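Working notes, structure below.
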Amino acid sequence: MNSLSQERVFGLPASIDKNSMVLILGTLPGQMSLATGTYYADPSNKFWDILFMACGEKIEKTATAKERLLKTYHIALWDILDSAVRKTSGDKDLMDERPNDLPACL
């Protein structure tokens with residue numbers, strides 16, 4: 001994995017709406033997710049495959065299908081952390097973590 005400079009990385013906004021009933025929390029988006037502005041964008045991440053299967057749906061890789069899945073099953077996505085300093089895209093290299101305000105979101 002490419003090294004990042006040790007700068008503060010900020011996460012994505014919550015993907016939530018008034019109909020959301022389930023909140024799935026990650027830690028902090030990786031490089032690819034931050035670059036695309038979408039959750040779990042790295043194709044090696046199995047999040048979307050698992051979520052489609054857990055909902056009993058056919059796995060689809062399009063942004064439209066993912067958005068439809070979230071809306072159909074009232075699922076929201078966000079991260080525990082608002083920001084952190086890290087060297088790589090992985091969670092193990094996080095330092096100086098700052099949490100999101102989960103109580104305010106809920």
Counting pairs on different chains as well as pairs 8 or more places apart, how many Lys pairs in region 29-106 have Cα atoms under 26 Å apart? 9
What stretch of the chain, leaving out the sites themselves, is the longest with no trypsin sites (Lys or Arg not before Pro) in a DSSP loop having at most 16 other Cβ atoms within 10 Å? 19-45
Using alpha-carbon positions, the gyration tensor of the chain gives root eigenvalues a ≥ b ≥ c; with a/c under 1.5 called rounded, otherwise prolate if a/b exceeds b/c, else oblate, the class is oblate
Counting only protein heavy atoms with a 1.4 Å probe and every protein chain in place, the carbon and sulfur fraction of the accessible surface of the chain in whole percent equals 56
Dipole of the chain, positive direction: furthest Cα of Pro29, Ile59, Leu106, with charges on the beta-carbon: Ile59
Might you tell me the accessible area per residue for the chain, computed with a 1.4 Å probe and given in Å²? 63
For the chain, averaging the sequence separation of alpha carbon pairs under 8 Å that lie six or more residues apart and dividing by its residue count, the contact order in percent is 41
Each residue of region 26-34 in turn: what ³J(HN,Hα) in whole Hz from Karplus with 6.51, -1.76, 1.60 and θ = phi - 60°, glycine and Pro shown as x? x, 9, 6, x, x, 3, 5, 5, 5
Toward the positive end of the charge dipole of the chain, about the Cα centre and with charges on Cβ (Lys, Arg +1; Asp, Glu -1), which of Val9, Asn45, Tyr73 goes farthest? Tyr73
Please report, in debye to the nearest 20, how large the charge dipole of the chain is about its Cα centre when each Lys and Arg carries +1 at its beta carbon and each Asp and Glu carries -1 there. 240
Between Glu60 and Ile80, what is the label-to-label distance in nm when each label sits 7 Å out along the Cα-to-Cβ direction? 3.2
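The values are calculated or read from the model by the stated rules, or taken from the named source; none is laboratory data. None of the values given here were measured: they were computed from a predicted structure. Here the Cβ is made from the backbone with ideal geometry for all residues, glycine too, and neighbour counts use every protein chain on show. Note: accessible area is taken over every heavy atom of the protein model, side chains too, but ligands, DNA and RNA are not part of it. Shrake-Rupley method; radii C 1.70, N 1.55, O 1.52, S 1.80 Å.
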